[in-house]
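Just so you know, all these numbers are worked out from the coordinates, no wet-lab data involved. This one's a predicted model, so the numbers in the text were calculated from it and none came from an experiment. Positions of Cβ are generated from backbone atoms using ideal geometry, with glycine treated the same way; all protein chains shown enter the neighbour counts.
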Amino acid sequence: MNIRIQYKLFLAMMATVGGVVVCMFFIMRWSFDRGFFNFVNKIDLERLNTLATKLEESYSREGSWRFLQDDPGRWNQLLRDSLPDRFKGPHPPLPPPHPPGPPGIAPQFGIGVALRDPFGSRVVLLDGGKTRIMGISEFPRNVELKPLRHGSDTVGYIGMLPPKILADPHQERFFEEQRQAFAIIALVMAVLAAMVSVPIAQQMVKRIRELATATHRLAAGKYNMRIPVVSSDEMGLLARDFNTLALTLEKNEQARRHWVADISHELRTPLSVLRGEIEAMQDGVRPITPEAIGALHGEVMKLSRLVHDLYELSLSDIGALTYRMTDIDLGELLKQALGSARLEFAAKNITLEEDLPAGQVFPIFADPERLHQLFSNLLENSLKYTDSGGTARVRIDRKDVNAVIHFQDTAPGVPAAETGKLFDRLYRVDGSRNQDKGGAGLGLSICRNIVEAHKGTIEALPSPLGGLWVKVELPLNG
C-alpha cells in the first residue's frame with residue numbers, strides 16, 4: 001500500500017502523542033486512585049484515634065462496656081462524634097434502644113450506622129479478651145488493633161478494615177467526576193495534538209516536496225536549480241548541500257563544454273595545417289621537398305604530443321597512472337633533470353642557475369620516473385615562456401618534514417590574478433590558441449596530478465625575478 005509521506009508523518013506523530021496521552025491518562029488515574037484512597041484512609045485513621053479517645057473516656061465514666069450493649073445509640077453517637085468538625089452536619093435522630101438480648105450474647109448493633117456511615121461498617125470494638133462488643137461481626141485476624149487503656153490496664157481493642165471501595169456516595173461521586181475529567185482532558189489533548197500535527201506534517205512535507213522537485217529537475221540536466229535555505233536544522237543543511245551539489249554540477253558541465261571546445265580547437269589547428277600542406281602538394285602548388293616533409297612531420301609531432309598529453313592526463317584523472325615507489329634522494333634526482341635540460345636552455349640563451357645544498361640528502365619515497373617527468377615539465381615551461389637572455393633559477397630546501405623545490409624565471413610574468421588558473425587544463429594566460437610556443441596547456445595539469453599523487457602541494461606565484469615562480473612541496477621520509 002502506497003501511503004504518502006504526509007500521512008505517514010501525521011500518523012507517526014499521532015501515534016506518539018496518542019501513546020503519551022494514554023500513558024498519562026492511566027498514570028494520572030492510578031496516581032489519583034492511590035492518592036484518594038490514601039487520603040480517605042488517613043481521615044479514617046484520624047477518626048479512629050478520635051473514636052478510641054472517646055471510648056476510653058466513656059469507659060472511665062461507665063466502668064465497663066455494658067453501656068454500649070444496653071444502648072446501641074451510644075455507639076452510633078460515638079461514631080458520629082468521631083467525625084472531624086468540618087464533616088459534621090445536623091444530628092440525625094438516634095434509633096430507639098434495642099431490648100437487651102440473652103446474657104453473654106452481644107447484640108448486632110451498628111447496622112443502621114453502617115448504612116449511613118461507611119466508617120462504621122469497617123470498625124470493630126473488642127473487650128480485653130478480644131471478644132467482639134460492637135462493629136463488624138467478621139474481621140480478619142491480622143487486622144491491626146489499637147489497645148484501649150484505663151489507667152495501666154488494657155480494657156479493650158479497636159480495629160478498622162482498610163477501604164477497598166468507596167462506600168460514601170459523596171466520595172464515590174467525586175471519584176467518578178474526576179475520572180470523567182481525566183478522560184475529557186485526554187480526549188481534548190488528543191484532538192489538539194491532531195490539530196497541531198496536521199500543519200506540522202504539511203510544512204515538513206512541503207520542504208521535502210520542494211527538494212524532490214528540485215532533485216528531479218537536477219537529474220534532468222537543469223543545474224541552475226537552487227533551494228532557499230530557511231532554517232539551520234537538518235532540512236536546512238540538506239538544502240544547503242543540495243545547492244552545493246547543483247553548483248558543482250553546473251561548474252562541471254561548464255568545464256566539460258569548455259574542455260570539449262578547447263580540445264576540438266587544439267586538434268583542429270594541426271589537422272588544418274596538415275590538410276592544407278598535403279592538398280597544396282597534391283595540387284602541385286607546393287613541391288614535395290625534404291623541407292615540406294619536415295614541416296608535415298613537425299605538425300604530426302605536435303599532434304602526437306597533444307594526444308599523448310591527453311592520454312597521460314586522463315590516466316592521472318582516473319588514478320590509472322602507474323607509480324613505482326622507491327626510496328630515492330630528491331636532490332640527486334633534481335640534479336639529473338637539470339643536467340638533461342641544460343643544453344636546451346643554453347641553446348635559447350637562458351641562464352639556468354641551481355642552488356642545491358652540497359652534501360645534504362633529501363630522502364623521499366616516490367616514483368623517480370614520475371618526479372623526473374614533473375621536473376622536466378616545469379623546466380620545459382620555463383624554457384618556453386622565458387625570453388632569450390633571461391634566467392631560470394632552481395632551488396631546494398627543507399621546511400619541517402617537507403622538501404620545497406622552487407622554480408623561478410624572468411620575464412614575461414603572469415598576473416597575480418591568473419596564477420591560480422595555470423594548473424587548469426588547456427589554460428593559457430594570453431587566451432590565444434596558436435601553437436607558436438608549442439604544447440596545449442596540459443603540462444601543468446599533469447604536474448599537479450603527479451604532485452598530489454605523492455601527497456604534496458604545488459602552487460604558482462609571481463616570481464621575484466619578474467616571471468613565474470612554481471613552488472613544489474613534497475613530504476620527506478621519516
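Round to a whole angstrom and tell me the spacing of the C-alpha centers of the stretch 355-406 and the stretch 1-73.
Between the Cα centres of the stretch 355-406 and the stretch 1-73 lies a distance of 91 Å.
How much net charge surrounds L468 when only other residues with a Cβ under 12 Å from its Cβ are counted (Lys, Arg +1; Asp, Glu -1)?
Neighbourhood net charge equals 0.
How far apart, in nanometres, would the label points at W259 and F182 be if each is projected 7 angstrom from Cα along the Cα-to-Cβ direction?
So the two model labels end up 7.0 nm from each other.
Using only Cα atoms, locate the centre of the stretch 138-158 and the centre of the stretch 206-236, then give the distance between them in Å, rounded to an integer.
82
Under 5 Å between amide hydrogens, which residues at least 5 positions from H150 or on another chain qualify, with H placed 1.01 Å from N in the peptide plane?
For H150, the qualifying residues are V155.
May I ask you to order 67-73, 136-142, 179-185 by the average number of other C-beta atoms within 10 Å around their residues, highest value first?
Result, highest mean first: 67-73, 179-185, 136-142.
Taking K146 as the anchor, which lysines have their alpha carbon closer than 20 Å to its alpha carbon, excluding any fewer than eight residues away along the same chain?
K42, K54, K130
How many nm is it between the label spots at M301 and L211, if each spot is 7 Å from the Cα in line with the beta carbon?
5.9
Can you work out the FRET efficiency for the pair K384 and S314, with r the C-beta to C-beta distance and R0 = 22 Å, to the nearest 0.05?
0.45
Taking amide H positions as placed in the peptide plane 1.01 Å from N, state which residues far from W469 in sequence (5 or more) or on other chains have amide H under 5 Å from it.
Counting only residues 5 or more places away or on other chains, the set is L461, S463.
Can you figure out the FRET efficiency of N41 with A15, using R₀ = 35 Å and their beta-carbon distance, to the nearest 0.05?
Step by step, r from the Cβ atoms, then E = 0.35.
To one decimal place, what orientation-averaged projected area in nm² is obtained for the convex hull of the Cα set of the stretch 234-317?
7.2
Between T53 and N142, what is the spin-label point distance in nm, taking each point 7 Å from the Cα along the Cα→C-beta axis?
About 3.2 nm, to one decimal.
Which entries in K302/K421; K335/K384; K302/K455; K251/K302 show an alpha-carbon gap greater than 28 Å?
Over 28 Å Cα-Cα: K302/K455; K251/K302.
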